[in-house]
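Novice: Dropping a structure here in structure tokens format, bear with me for questions.
Quick note: the coordinates plus some simple rules give every number you see, no bench work behind them. In this text the structure is predicted, and so the values were computed from the model without any measurement. So basically every Cβ, Gly included, is an ideal-geometry build from the backbone, and we count neighbours across all protein chains shown.
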């Protein structure tokens, strides 16, 4: 085959056969021909049936004609009897009867008595017929029964028409006159009238009809015609009485019937040869009409189908071009196809569709080509990504291992091989449980995952140590997932080495519980530990609280610097511990403040206390004398708590320092009562402030260091006293907590703050607002419902709200806190963990809580630009918070130097006096920038 041929031509060369046009023409021609010839055959058949029915009717008429002719002839014989002159009895007896007239056509006359005896007879010359006795008896019986003349045809042996007429002669005697005439006259008359053959025969059961023929129109010829009919029809003529068909090359019709006496059989035969010629003429006309119609129809079909099928042929020859993407050639071929714009048919629609398909396929072809290029690019990118992932997996600082549930290792990355001492060729029996296990709890990795497999969990996280090949134990945080590889369930375990994190957490936990400078317990830890010690001590044992505060400590820092101040704090702590009993509980609870819980017998002596209040420190070549004020208060179990005892001591310390520093003071009952009275009055004032709407909000801006603009403001509560002066929250919030008023204050603050936020939002001010929530409020049973109601009433957008929760409050009951914080998060608000670093300071808990912000306590921030220890601690908090996806807010920024240090540490937000003090809404400037 020539490869240069068009695709359609190649297709025509490979596919040989009839075209659609030829097939349609052939099918239509055959169908029309079959229909026309079938219709012609039906017409021909119906015509023959009509002819046959006509023959049957004509034969019935011939039978009727013959019977009428017989009846008329009988009447004629009856009338001739009336004109016949009856002879006398004597003449009859002497057989002296005149013969019948030759002109009458009567052959013989027989006179019969009423009893059936032949009396006399007269015959024409040459005739001698007279009825048999049986014929006479039948006639007498018929006359007697019917009382009328009797007529019949009697063949014995010739056929005679015979009548029997009862008459009375002139003598009054009854006679029966029998008149006989040859039946051949009837047959001749019948043939002359009808032209039909008549055959009278004696028996229809004989095979030789000629021998049984008694009388026929043309003798043996008629008998042979009847014999042929009987041979052709069998018993049809005798059973049905009628025959029509071809016999011996001639179409004949026959009618069979019997004479009344039952002894004679008649057959009327008519020549129907003209029907054959009529049938042939009809058949010829039918064939001519059928052929003419078929030819005419095929011509019409040809002229009708040729143009559209020619178009269809062009379209079908064009379609293979599309598979070869030869779209221009296809369009050119389609453009040659004529179409009717106003009388479009299905082929025109096919033509339009073919053009549309051509355009669509061309576009699709272009898209496929483009997608092929894109797919190649994606395959290339996926290949690079696969190589990158493999490289990332091998160079990942995490341990990545796939293993079976029993611990059998399927694959392990470079980090895992390094720690386990394995190489790239894993031994068959390598088991991860050899390295990942906790010997103290006797737990292996597979043991810890059994519950995950039983419950069909998709993911699971736990902590298990990695016992490295070099003997070191690494703390690891594991994340496990069930994966399927080749229909086999495996476990993918990702391990992160958190050894340094654990050490940092331990350091943070220690720092959260201790003072960084002196190593002593801090205030919150001191209170907790004091509670525990008092609970363990017996009721009889005396317990005292000793509060020591270095006089003029801030001036000492100003004179000698913070390093010397820190040195003083450490040495003074050692000074106290050397003087008092080693079993005492010592803590640094303030800037230069120490607290001692002493449970000893006897209690501290005045000399010891006086020694505590005086101290000397050497600074280079200079010795500085340091004085301290000492407060001693006795703890009474039923009178107060440690918090109240500490609060009373603090209040007394402030009053005593205003009087005289550097002395030892013993708290008495009056001091306690005064303190309690002061608290009571402050509580009353707080209740009145709640009732009289004297709690107002101040706002302190918080700066986003990236944009150097205000990100949000923290709302802070202040109380107005009776004189209109503001009371700091530090004075009344503790009393509010003790009195159970914190939920009421918190709800009031939330509502006021959200209404202010709603006003900002309505004014188009895009700013977030931070609101503090305390643990007592968070633990209210209906907290979530009330918060949702306040948000709904104020109409604020919740995602602009940040709720701050103090770290120690959040971690007192971490499970409950997690649930409540998740409910807050579900409303759309965000969560900040406040005063971070002074409480538990555990990132394990932070990871479990749904918080968005970590606010580092100002105790770590205020002097961060001067203290390297604070910088190391804050840097660690920032890095760990960022690794957990939390943003960091540093509060207590009072110097630009502190802000610069924090900015270099990538802290997210800053807050403090350097930016702005808390101010009422009327004084708030939202355009502040740094």
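Novice: Taking the chain as the reference, fit the longest principal axis to its C-alpha atoms, fit the long axis of helix 669-691 to the helix C-alpha atoms, and give the angle between the two in degrees, 0 to 90, nearest 10.
Specialist: Helix 669-691 sits roughly 40 degrees off the main axis of the chain.
Novice: Oh, and also: Is the range 327-366 best put as rounded, prolate or oblate by its Cα gyration tensor, with a ≥ b ≥ c the root eigenvalues, rounded for a/c under 1.5, and otherwise prolate when a/b is larger than b/c, oblate when not?
Specialist: On the way: a/c = 3.78, a/b = 1.88, b/c = 2.02.
Oblate.
Novice: With just the Cα atoms defining each centre, how far is the range 428-489 from the range 306-357? Give it in Å.
Specialist: First find each Cα centre; the distance between them is then 70 Å.
Novice: Please say if the range 782-930 is rounded, prolate or oblate, where rounded means a/c under 1.5 for a ≥ b ≥ c the square roots of the C-alpha gyration tensor eigenvalues, and otherwise the choice is prolate for a/b larger than b/c and oblate otherwise?
Specialist: oblate
Novice: What spacing in nm lies between the two simple spin-label points modelled at residue 281 and residue 68, each 7 Å away from Cα in the Cβ direction?
Specialist: A separation of 2.8 nm, rounded to one decimal place.
Novice: Classify the range 84-186 as rounded, prolate or oblate from the Cα gyration tensor: take a ≥ b ≥ c as the square roots of its eigenvalues, call it rounded if a/c is under 1.5, otherwise prolate when a/b beats b/c and oblate if not.
Specialist: It comes out oblate by the Cα gyration axes.
Novice: While we're here: Working from Cα positions, state the angle (0 to 90°, nearest 10) between the long axis of helix 133-146 and the longest principal axis of the chain.
Specialist: 70 degrees
Novice: Students often get this wrong, so try it: which of (1) 149, 39, 30; (2) 52, 37, 27; (3) 93, 67, 38 is semi-axes √(5λ) of the Cα gyration tensor in Å as calculated from the structure shown?
Specialist: So the structure-derived entry is (1).
Novice: Could you work out how far helix 346-395 tilts from the main Cα principal axis of the chain, as a 0 to 90 degree angle to the nearest 10?
Specialist: Result, in degrees: 30.
Novice: Let me ask you something else. Would you mind getting me the FRET efficiency between residue 156 and residue 221? Use the beta-carbon distance for r and R0 = 25 Å, nearest 0.05.
Specialist: 0.55
Novice: Label residue 554 and residue 191 with points 7 Å out from Cα along Cα→Cβ: what is the distance between them in nm?
Specialist: For residue 554 paired with residue 191, the spin-label model returns 17.1 nm.
Novice: At 7 Å along the Cα-to-beta-carbon direction for both residue 328 and residue 300, put a label point, then send me their distance in nm to one decimal.
Specialist: 4.7 nm
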